[in-house]
Amino acid sequence: MDKIEQIKKLLEKLGLPQAQQTDICALTILGLAKVRRSMSWKKTTNEWLRIHDIIQFVNMNYGVSYAENSRETFRKQALHHFRTAAIVEDNMKATNSPNYRWRLTSEFVEILCNLNVSEEPLNSFRNNHKSLIEIYKSKKEMVKIPVAINGESFTFSTGKHNLLQKAIIEEFAPRFAPYSECLYVGDTTQKDLVKREKRLNELGFNINVHDKMPDVILYRTDKNWLYFIEAVTSVGPMDPKRIQEIVSMTNEVSAGKIFVTAFFDFKTYKRFSDKIAWDTEVWVAEMPDHLIHMNGDRFLGPR
């Protein structure tokens, strides 16, 4: 196995994501180690080097031809991730300084020096450091949006749309759909975060895989009302076409139907105000105690 493949295999063992198991990532390590194709791993070094030096070394010794303008690729695809994984370190100079340098950490040098000889340094490294996959996973979990739905704890992925959905469930529902049950809510990364199919079927929903569900569906048992709510940040208010789609999906449903478009603020509402269908409701999160009734002949309730 040649040295590029050996490094890629090592990166896999260390739990780096697939995107950091590429040729350019392997070459970055070989350039920092200053190990040529025929050299022993025992001769690995950890001198302070510029990305320019890494590129020159791999071009000269590994039959590649990276241009100087590929420095950003080396930095973003390899070095930044390797620093997080404790494989490399920088000399903490300003990033635009001509004296900015990178080198392999002493722990990683020990792994390379013992490659194919002993796995003890590798095992020690893995015991002392989280894998990059674990680090990135935990970072994603930390920034998720907690939300309470039907008395259970869930998390939305980050984003303005999901923040608005959280507001609908935690701010709109207690005010205008008290004691309601959330029958459906999606997530930008998990389409059916909550989908109470049995309850939906009992109410007469006829849903197929091609139907686009409203962002949030609430059911208020005491009044037998269903709330179909669209969370609008950039597209998709309750216009006549959207209402017709939902009506077709629910033509066997006898519960009263309430159609709501939710916005974060009045600025967004104004952008869509001429598209919203009559006989629907508008809720704006920045003024959560009020509704805009698109007709005014009656307050909140099915038409």
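The values are calculated or read from the model by the stated rules, or taken from the named source; none is laboratory data. Values in this document were obtained by computation on a predicted structure and should not be read as measured data. Here the Cβ positions follow ideal geometry from the backbone for every residue, glycine too, while neighbour counts run over all protein chains shown. Protein only, heavy atoms only, side chains kept; ligands, DNA and RNA dropped before computing areas. Shrake-Rupley method; radii C 1.70, N 1.55, O 1.52, S 1.80 Å.
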Between HIS52 and SER254, what length comes free when the chain is fully extended (0.36 nm per residue of separation minus the Cα-Cα distance, one decimal in nm)? 65.7 nm
Checked against a 24 Å limit on the C-alpha separation, the offending pairs among LYS212/LYS257; LYS93/LYS160; LYS43/LYS93 are LYS93/LYS160; LYS43/LYS93
With the cut-off at 23 Å, tell me which of the pairs LYS195/LYS270; LYS8/LYS191; LYS13/LYS76; LYS166/LYS191 have Cα atoms farther apart than that. LYS195/LYS270; LYS8/LYS191
Computed [θ] at 222 nm, helices only, for the chain once each DSSP H run of length n ≥ 4 contributes -39500 (n - 2.57): -9500 deg cm²/dmol
Applying the gyration tensor rule to the Cα atoms of region 148-258 (axes a ≥ b ≥ c; rounded if a/c under 1.5, else prolate if a/b exceeds b/c, else oblate), the class is rounded
Cα gyration tensor, the chain - rounded (a/c under 1.5), prolate or oblate: prolate
Most to least accessible of SER273, SER254 (protein chains only, probe 1.4 Å): SER254, SER273
Towards the positive end of the charge dipole of the chain, with charges on Cβ (+1 Lys, Arg; -1 Asp, Glu), say which of THR268, LEU32, LEU193 has the farthest Cα. LEU32
Only Lys, Arg, Asp and Glu count, each charged at its Cβ (+1, +1, -1, -1), so figure out the dipole size of region 199-292 about its Cα centre, rounded to 20 debye. 140
Shape call for region 3-95 from the C-alpha gyration tensor, a ≥ b ≥ c root eigenvalues: rounded (a/c under 1.5), prolate (a/b greater than b/c) or oblate? rounded
Given charges at beta-carbon only (K, R positive; D, E negative), |dipole| of the chain in Debye: 980
Loop only by DSSP, 15 or fewer other Cβ within 10 Å of the Cβ. Give me the chymotrypsin sites (Phe, Trp or Tyr not before Pro) in region 227-303 that pass, ordered by residue number. TRP278, PHE299
